[in-house]
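J.: This structure is in structure tokens; I'll ask about it shortly.
The values are calculated or read from the model by the stated rules, or taken from the named source; none is laboratory data. Nothing here was measured: the structure is a model prediction, and the numbers come from that model. Methodologically, a virtual Cβ is constructed for each residue, glycine included, from the backbone with ideal geometry; neighbour enumeration extends over all protein chains shown.
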Amino acid sequence: MTGRKTSEKVLMEKIGLPFLVGTEYLKSGDLHYLRSGKGKPVILLHGLNMGWGQWYPNIAALSEKFSVFAIDFPGAGKSSRLEPWSEDFPETMIRSVEEFIISKKLTAPALVGHSSGAWVALQMAARDRVPLSKIIAVSPLGLSDRTPPKYKPLGWRWLARILSKTVMPLDRKHMEIFAKDVFLNPDSLEREFVDYFAEALLEGKHSHPFEMISRFCGFLRLRPEFVLKLKRNYGIPVMFAFGANDPIVPPPDNVPKAVVKIFLNSGHVSPTEESDLFNKTAIEFLEQ
């Protein structure tokens, strides 16, 4: 008699390609990851504490061309716990990816990041401690210093904690509501991902998403350490991608010298909402 499959295992099987899973033991913590495909390395950096599974609609297509590493940041999935209010929280997020690249001996990988994962990718390019080849920054945190209106109440840490236990308690139903809230097309988020996301949080190791958001956002403005100081030229090709209907990171009027793609039928998570078009666009950019 076999045990029940975990939601992560079900999501892995949905990818439909051979893959490996592992844990890299780093100074910044234990980093869980999924690897698939062959070719030049591409690292996928999820937003908030969504986990590597955020990229389930993209991994198969990217793996046909590249060696794909989808990681769980510290504080997400099966990686080490990371206390959001620890003093070194921002540095640990960045350093974990740098250490992963060094530990795996990856040669100039490309980074594809979403939201806070895109913030990490751009910070890594700016400080230039490990060689990178290209960056795709999807709806990056920190382009504006203003807190999105819907997240203003979470700018108070005490209120975020109360709301995480009352308005948005940790259960599957409410995690589905939370995850779909930033989508233009909520039905594009499949049940298997919601199961995976909720199961990871219900294990009790990681912080509630409201507490993570509270770490990034004050009542009116982002906390200063998360405001991007964009460079006019990163020295490598950069593509910014935005959903035309993003309630969290609206398409800005201008960004530094870079390729800019707008996904017309997306909210905050274009790699999921328009996965086929996103995959095609990302592959074309990464192959150039």
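J.: Go through region 178-221 and give me each residue that's part of a helix (DSSP H, G or I), under 25 Å from ASN245 (Cα atoms) and of a type in the set (Gly, Ala, Ser).
T.: Correct list: ALA179, SER188, SER214.
J.: Also, I was wondering about something else. Any residue at all in region 244-265 that is crowded, with 21+ Cβ neighbours inside 10 Å, in contact (Cβ under 8 Å) with a residue 40 or more places away in the chain and in contact with a helix residue (DSSP H, G or I) (Cβ under 7 Å, 6 or more places away or on another chain)?
T.: The answer is no, given that none of the residues of region 244-265 is crowded, with 21+ Cβ neighbours inside 10 Å, in contact (Cβ under 8 Å) with a residue 40 or more places away in the chain and in contact with a helix residue (DSSP H, G or I) (Cβ under 7 Å, 6 or more places away or on another chain).
J.: Separate question: Would you call LEU48 in contact (Cβ under 8 Å) with a residue 40 or more places away in the chain, on the phi > 0 side of the Ramachandran plot, hydrophobic (A, V, I, L, M, F, W, C) and assigned to a loop (DSSP other than H, G, I, E, B)?
T.: Criteria met by LEU48.
J.: Please verify whether HIS206 is within 28 Å of THR6 (Cα to Cα), of a type outside the set (A, V, I, L, M) and buried (at least 22 other Cβ atoms within 10 Å of the Cβ), treating the condition exactly as stated.
T.: Yes: the conditions hold for HIS206.
J.: Return only the number of the condition from (1) part of a loop (DSSP other than H, G, I, E, B); (2) over 30 Å from ASP276 (Cα atoms) that PRO153 does not satisfy.
T.: (1)
J.: Within region 44-58, identify whether any single residue is of a type outside the set (Phe, Trp, Tyr) and under 17 Å from LEU106 (Cα atoms), and answer yes or no.
T.: Yes - at least one qualifying residue is present in region 44-58.
J.: Please tell me if LYS257 is in contact with a Lys or Arg (Cβ under 7 Å, 6 or more places away or on another chain), closer than 30 Å to PRO131 by Cα, of a type in the set (D, E, K, R) and assigned to a loop (DSSP other than H, G, I, E, B).
T.: yes
J.: Spot the failing condition for MET175; the list is (1) buried (at least 20 other Cβ atoms within 10 Å of the Cβ); (2) out of contact with any Cys (no Cβ under 9 Å at 6 or more places or on another chain); (3) in contact (Cβ under 8 Å) with a residue 60 or more places away in the chain; (4) not in a loop (DSSP other than H, G, I, E, B), and only one is missed.
T.: (3)
J.: Restricting attention to region 86-107, which residues are at pLDDT 95 or above and either part of a loop (DSSP other than H, G, I, E, B) or surrounded by fewer than 15 Cβ atoms within 10 Å (Cβ to Cβ) (or both)?
T.: Matches in region 86-107: GLU91, ILE102, SER103, LYS104, LYS105, LEU106, THR107.
J.: Right, something else. Would you check if there is a residue in region 214-225 being surrounded by fewer than 14 Cβ atoms within 10 Å (Cβ to Cβ), within 23 Å of ALA282 (Cα to Cα) and not hydrophobic (A, V, I, L, M, F, W, C)?
T.: Looking for residues that are surrounded by fewer than 14 Cβ atoms within 10 Å (Cβ to Cβ), within 23 Å of ALA282 (Cα to Cα) and not hydrophobic (A, V, I, L, M, F, W, C), one finds none in region 214-225, hence no.
J.: Can you report the number of residues in region 36-53 which are in contact with a strand residue (DSSP E or B) (Cβ under 7 Å, 6 or more places away or on another chain) and polar (S, T, N, Q)?
T.: Of the residues in that region, 1 qualify.
J.: While we're on this one: Please work out if SER115 is surrounded by 24 or more Cβ atoms within 10 Å (Cβ to Cβ), in contact (Cβ under 8 Å) with a residue 12 or more places away in the chain and of a type in the set (S, T, N, Q).
T.: Answer is yes for this residue.
This table checks each residue for (1) closer than 20 Å to TYR196 by Cβ; (2) more than 14 Å from the chain's Cα centre (by Cα).
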| residue | (1), (2) |
| --- | --- |
| LYS5 | yes, yes |
| VAL10 | yes, yes |
| PRO18 | yes, yes |
| ASP30 | yes, yes |
| SER36 | yes, yes |
| ASN49 | yes, no |
| ILE59 | yes, no |
| PHE69 | yes, no |
| TRP85 | no, yes |
